[in-house]
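These notes are about the structure you will find just below.
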Amino acid sequence: MDAFAVSIAAGTSRNISGERAALRLSFHFGLFQFFMPLIGWSLGINIAPLIASGDHWVAFILLAIVGGRMIKASLDKQPRSFKADPSKGMLLFVLSVATSIDALAVGLSLAMLKIKILFPSLLIGIITALLSYIGIQMGKRLGLKFGKRMELLGGFLLIGIGVKILITHLS
């Protein structure tokens, strides 16, 4: 949802110069969203045995933090804007990392839940790339308002998943 919201903002900025730029931005967002859970999962597999007794709390806290950040960002009145083409250079790299850092925490959480990562990671990457492309197109037409609502919904969903994990492990 972060990548979707940023894509909408990029679309509204009118700095995405054509179809190739939209595809480049979408591809990179999807690629980073694919790799970050893999990295988080790899880290989680190594530390999971050390924190197995409290892994449900770690998963809940990570998802609550990610969800809370998304909700906070969705309520931010300051719109995201770009002065340069966000599909090129260092701005592309920074946005790709910034929108996928949360996926690192998701990968870590999945490792603690002993869930295999390759399929979820691939799915996350593909869906992110598609939603990013759609977000750019929507941003060109609808503006930031819809993106903020999606980010808010995504934040509540992540917190809800964290609560479900916590309740499942505590009962």
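The values are calculated or read from the model by the stated rules, or taken from the named source; none is laboratory data. Keep in mind that what you see is a predicted model, and the values were worked out from it rather than measured. Neighbour counts are summed over all protein chains in view; Cβ atoms, including those assigned to glycine, are modelled from backbone coordinates with ideal geometry.
One residue stands out among those in segment 7-24 that are at pLDDT 75 or above and basic (Lys, Arg): the one that is nearest to the chain's Cα centre (by Cα), which is 24. If you go through segment 124-171 and keep only what is at pLDDT below 85 and small (Gly, Ala, Ser), you end up with 139, 143, 147, 154, 155, 160, 162, 171. Of all residue pairs spaced 6 or more apart or on separate chains, those with beta-carbon atoms under 6 Å, a first member in segment 47-70 that is under 10 Å from residue 162 (Cβ atoms) and of a type in the set (Gly, Ala, Ser) and a second member that is modelled with pLDDT under 70 and buried (at least 16 other Cβ atoms within 10 Å of the Cβ) are 67/155; 67/158. Scanning segment 66-77 for residues that are assigned to a helix (DSSP H, G or I) and modelled with pLDDT under 80 yields 66, 67, 69, 70, 73, 74.
What do you reckon, is residue 51 modelled with pLDDT of 70 or more, hydrophobic (A, V, I, L, M, F, W, C) and either over 15 Å from residue 5 (Cα atoms) or touching a Cys at 6+ places or on another chain (Cβ under 8 Å) (or both)? No, not satisfied.
The residue list 121, 100 contains one member that is modelled with pLDDT of 95 or more and surrounded by 23 or more Cβ atoms within 10 Å (Cβ to Cβ), which is 121.
The residue list 64, 105 contains one member that is crowded, with 20+ Cβ neighbours inside 10 Å and either of a type outside the set (Lys, Arg) or in contact with a strand residue (DSSP E or B) (Cβ under 6 Å, 6 or more places away or on another chain) (or both), which is 105.
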